[in-house]
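Laboratory data are not the source of any read-out in this text; all were calculated from the coordinates shown. These numbers were taken from a predicted model, which means no experiment stands behind them. Heads up, the Cβs are rebuilt from the backbone with ideal geometry, glycines too, and the neighbour counts pull from every protein chain shown.
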Amino acid sequence: MKILVTGSNGLLGQKLVELISSRPDHHLIATAKTKLIPALPRGAFHLLDITNPAQVDEIIGKTKPDVVINTAAMTQVDQCETEREKCWKANVEAVQYLVEACQTNHVHLVHVSTDFIFDGSHGPLDEHEKPNPLSYYGESKLAAELVIQKSVLDWAILRTVLVYGVTQDMARSNIVLWVKKSLEDGKTINVVNDQWRTPTYIEDLVKGILLLINKKAAGIFNIAGKESLTPYDMALATAAHFKLDGSLVEKVSHETFSQPAQRPLKTGFVITKAIADLGYEPISFAEALQNF
């Protein structure tokens, strides 16, 4: 099976490159806007800016993958709020280009989406919940989902939430790494205790994606962790695991922070469908910390 991955320099992209290239029955086609960061023991690499329709057509037409996994996106929530044109181009128009190229070349498209398409009024949420985004980032990700759902190609949308983990070259941090580094530096940190998520370990996420692809699954799937936690819960667990000073973690409300984009208060995902249909089984947050 030939699998093309967009955004191969991100946390998810790097982990997919690592996993897919280790499988002898899969041929990896890694793509990114800039030079590839992770080592590529097997497969091929192509420069690809998915906001450039000519490049999208050329690379997909030339490599002829069986599956495209789209991990590329503008995910900085506040930046999306203030730079809306750039956000729409990266998160919606680029997906339209991928859809068109995949339709032309009969490719199965797997697209990664987010819990931020929901308003946070309740949770955890299953795949049938009605989206109602609060932020422009959420609006753009929902619009991308609708572009895919209205197409005639074979597609799967994989929704995930609060991904954390570590790889060799991190362009951006995540909650576990931020808490660990801050406490190691002796900094007091304010962490919200009124936002609920089902944090997703990156290793579980990539395994879930591969399960989905190998089963040729179609439709919408929630791929996330199995525990509903607040960022404050995660911070205290991180401090305890690494034997750092948990007293430096201050419990605060989301109203403490003034941010351009509104965040949903309560999301998280029900993963019953992924467990039943794909054989997905994530580990606990405590177990994931052991792997750090």
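Below is a table of values for the structure above.
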{"read-out": "Three-way shape label, the stretch 1-105, alpha-carbon gyration tensor, a/c 1.5", "value": "oblate"}
{"read-out": "Computed over the chain: relative contact order in percent, which uses C-alpha pairs under 8 Å that are six or more apart", "value": "19 percent"}
{"read-out": "K33-S247 FRET efficiency (beta carbon distance; Förster radius 51 Å; 0.05 resolution)", "value": "0.75"}
{"read-out": "Within-13-Å neighbourhood charge of A286 [Cβ basis; K, R +1; D, E -1]", "value": "-2"}
{"read-out": "Farthest positive-ward along the stretch 54-186 dipole, Cα basis, beta-carbon charges - from P131, A144, A72", "value": "A72"}
{"read-out": "Percentage relative contact order, the stretch 1-114, counting C-alpha pairs under 8 Å, at least six apart", "value": "28 percent"}
{"read-out": "Cα-centre dipole for the chain with unit charges at Cβ (Lys and Arg positive, Asp and Glu negative), debye to 20", "value": "560 debye"}
{"read-out": "On Cα atoms only, tilt of 175-184 relative to the major axis of the chain in degrees", "value": "40 degrees"}
{"read-out": "Cα centroid of the stretch 1-79 to Cα centroid of the stretch 183-219, whole Å", "value": "20 Å"}
{"read-out": "In the stretch 136-253, lysine pairs closer than 24 Å at Cα, eight or more apart or cross-chain", "value": "20"}
{"read-out": "H27 long-range amide H proximity, modeled H, under 5 Å", "value": "K2, I3"}
{"read-out": "Ratio of the Cα radius of gyration of the stretch 139-292 to 2.2 N^0.38 Å, where N counts its residues", "value": "1.14"}
{"read-out": "Rounded if a/c under 1.5, otherwise prolate or oblate - the stretch 149-195, Cα gyration tensor axes", "value": "oblate"}
{"read-out": "Estimated 222 nm signal from helices in the chain, with DSSP H stretches of n ≥ 4 weighted -39500 (n - 2.57), rounded to 500", "value": "-10500 deg cm²/dmol"}
{"read-out": "The stretch 175-258 pair-distance distribution - Cα-Cα, 5 Å bins, rounded %", "value": "3, 14, 20, 18, 15, 11, 8, 7, 4, 1"}
{"read-out": "Straight-distance crosslink candidates among aspartates and glutamates, where the alpha carbon sits under 12 Å from K2 and sequence neighbours closer than 8 are dropped", "value": "D25, D66"}
{"read-out": "Principal axis dimensions, largest first and in whole angstrom, of the stretch 52-111 by Cα", "value": "36, 20, 14"}
{"read-out": "Label corresponding to Rg/Rh (Cα atoms, Kirkwood Rh) when calculated from the structure given, among (i) 1.47; (ii) 0.98; (iii) 0.96", "value": "(iii)"}
{"read-out": "Prolate/oblate/rounded call for the stretch 38-185, Cα gyration tensor, a/c under 1.5 rounded", "value": "oblate"}
